[in-house]
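The values are calculated or read from the model by the stated rules, or taken from the named source; none is laboratory data. From a predicted model like this one, the values you see are computed outputs, not experimental measurements. When we count neighbours, we look across all protein chains shown, and the Cβ atoms used for this are built from the backbone with ideal geometry, even at glycine. Just the protein is used for accessible areas: all its heavy atoms, side chains included, with ligands, DNA and RNA removed. Shrake-Rupley method; radii C 1.70, N 1.55, O 1.52, S 1.80 Å.
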Amino acid sequence: MAPAQPTIRFLGAAGTVTGSKHLVTAGNLRVLLDCGLFQGLKELRLRNWQLDFDPAGIDAVVLSHAHVDHSGALPLLVRKGFRGRIYCTAGTADLLEVMLRDAAKLQEEEAAAANRYGYSKHSPALPLFTVRDAEAVMTHLVARPYGEPFGVVGGIEAVFRGAGHILGAATVELRILPRQPSGDPLTVVFSGDLGRHGRPLLRDPEPVHEADVLLLESTYGDRTHAGDPDAELARIVVEAAGRGGALLIPAFAVGRTQELVWRLCRLEETSRIPSLPVFVDSPMAIDVTEIYGRHPEDLDDDARPFLAQRLHCQQYTLVRDAAASKALNARSGPMIVIAGSGMATGGRILHHLKMRLSDPRTTVLFPGFQAEGTRGRALCQGAPSVRIHGEEIAVRAHVEQLDGLSAHADQPELLQWLGAFARPPRHTYLVHGEPPAAEALAAAIRSRLGWTVDVAAAGAVVPLASR
C-alpha cells in the first residue's frame, strides 16, 4: 500500500486574522505550524477553550513569531499533553519568556477581578491558562538561527528566514523529505506575518524563491498603506495637544511601541510636534525593548544605538510600577500615554480608557489593525459606548486610526514579495485574513501572476503535492 499523501489542516487563521494553527501530517508525523489564540468575536474566543486536535499526538511545533495570535495557545498545548519540541528563532524564544507570562498574568488578574466584582457569567471565572502553564512552555523551546536547515522530526526539516514583522519573526520553509533517495522533497512555505520594506528598526523581509505549496497571510490583502505615516502622526499629536487632553495610544508591546517612540522622538527633534510628556505605561514593552537590544541579527543599522538607550528621549518616562500607572489618571493637560493592549482587549490601557473616554478633550489613537469583535474595532467604527470591567463607558473622546504604521505588508508589498519566486507554487492558500481582504488578494494574485490560489477554509484538510 502506498503511503498516504501529506496533508495540511487549517485549524485557525482561516477566515479570520487570529488563532493561527496549521497542522501538517506526513505519514505518522504531525507538525503544527504556529499555535495561536483566537481573539475578537466571542464565538472565536470560545474556541480557545477546546483544541480541535490531540496535543499528545503532535510531534513538534514550528513557530513563526511570538505574537499571541500565533503563540498564545502553547500553554494549553503543553498542559493538555504535548511532549515535543517547539522550534523558533532566538528572538522569538526570548520574547515568549516575557509575552506568555504576561498573557497568563492578565488571564489570572481578569478572572480574579471578574470573581471579585461579579461581572462574569461563570462562577468561578477561571483563567484560560496560568503563569505556571506559561512557564512550562519554556522547557520545550529550541532556538534555531536564520538560514540554517534543522531537523524537526523524522523525515521533516525546516529553515527560518527573516520576515521583518517583529523581532524574531520568520517565514518557515518546511521540507518533507522523500522516502526514496531519488525523490524530491515536498516544500511547504509558511509566510507567518510578513513585514514591510524600508521600515525603521527591523531588517526587510527576506525573499523566498520556491515552494510546492505556499501559505500566505492576507491581513491587508485588500488595501494599500498610507505613504507618509509621520505626517499623519504629527497631525494627530498636534490636534490632540490643542484639545488640551491626553492622547491615549493602545499599542502592541512588541514592535509597535518601539516604533512609535522612535517616530515621536524624531518628530519632536524636528519640531513637527510639540514637546509633550510621554509615558510608556507597559512593563512588558520595557522588557521587550531590552530584548530587542540583544538581537542585532534582526535590527537595521539605525535601530541599534536607539534601542541601546532603551527608548531614551526628552520627557519620556518608562512606567513599570502599578501605582505610578494609576497616578497618571490624576494628571491633566496634554500628554501621551502608550500602553497595551494593541486592540484594547486587556492590559493597562483599559484603565486609562475607562477614566478618559468620556472626556471630549481625550484623543485615542489606534496605530494598527483592529480585529473584528475587539474594543478597538468598535471604537474605530464609532461605537457610542464600550463595556470595560463590566461597566458601560460613554465615548466622547476623539478616535483616530493610523494604518500607515502597520507591521503587516499591504497588497502591493505582498505581491512584491511573491515576485521573488522563481516559479509559481503548485498551490497557494491564503490565511490570516478576514474574507474581503483574502478574496481581494486572491483575485490580485490570479490576475497579475496567474497562480493557482484559494482562500483557506476553516477546518479544511487539503493534500500537499510536490512537482
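The set of residues in the stretch 139-158 that are touching a Gly at 6+ places or on another chain (Cβ under 7 Å) and without any contact (Cβ under 8 Å) to a residue 24 or more places away in the chain contains only Glu157. Considering only residues that are open to solvent by 40 Å² or more (accessible area, probe 1.4 Å) and part of a loop (DSSP other than H, G, I, E, B), which ones fall in the stretch 35-92? Gln39, Leu41, Gln50, Asp52, Asp54, Asp59, Lys80, Arg83, listed by residue number.
Does Ala136 satisfy the condition of being touching a residue at least 60 places away in the same chain (Cβ under 8 Å) and closer than 16 Å to Pro75 by Cα? Spell out how you get there, then give the answer.
On the way: touching a residue at least 60 places away in the same chain (Cβ under 8 Å): yes; closer than 16 Å to Pro75 by Cα: yes.
Criteria met by Ala136.
Annotation note: of Gly162, Gly168, the sole residue that is open to solvent by less than 50 Å² (accessible area, probe 1.4 Å), touching a Lys or Arg at 6+ places or on another chain (Cβ under 9 Å) and either touching a residue at least 60 places away in the same chain (Cβ under 8 Å) or not small (Gly, Ala, Ser) (or both) is Gly162. Considering Asp212, Asp230, the condition of being out of contact with any helix residue (DSSP H, G or I) (no Cβ under 8 Å at 6 or more places or on another chain) and of a type in the set (Asp, Glu) is satisfied by Asp212 alone.
Within the stretch 138-149, is even one residue outside any loop (DSSP other than H, G, I, E, B) and either crowded, with 21+ Cβ neighbours inside 10 Å or at pLDDT below 90 (or both)?
There is no residue in the stretch 138-149 that is outside any loop (DSSP other than H, G, I, E, B) and either crowded, with 21+ Cβ neighbours inside 10 Å or at pLDDT below 90 (or both).
Selection of the stretch 370-419 for residues being surrounded by 21 or more Cβ atoms within 10 Å (Cβ to Cβ), in a loop (DSSP other than H, G, I, E, B), in contact (Cβ under 8 Å) with a residue 60 or more places away in the chain and of a type outside the set (Gly, Ala, Ser) yields Thr374, His408. Selection of strands (runs of 3 or more DSSP E) fully inside the stretch 186-253 by the criterion of at least 2 residues being more than 18 Å from Ala438 (Cα to Cα) and in contact with a Phe, Trp or Tyr (Cβ under 9 Å, 6 or more places away or on another chain) returns 246-250.
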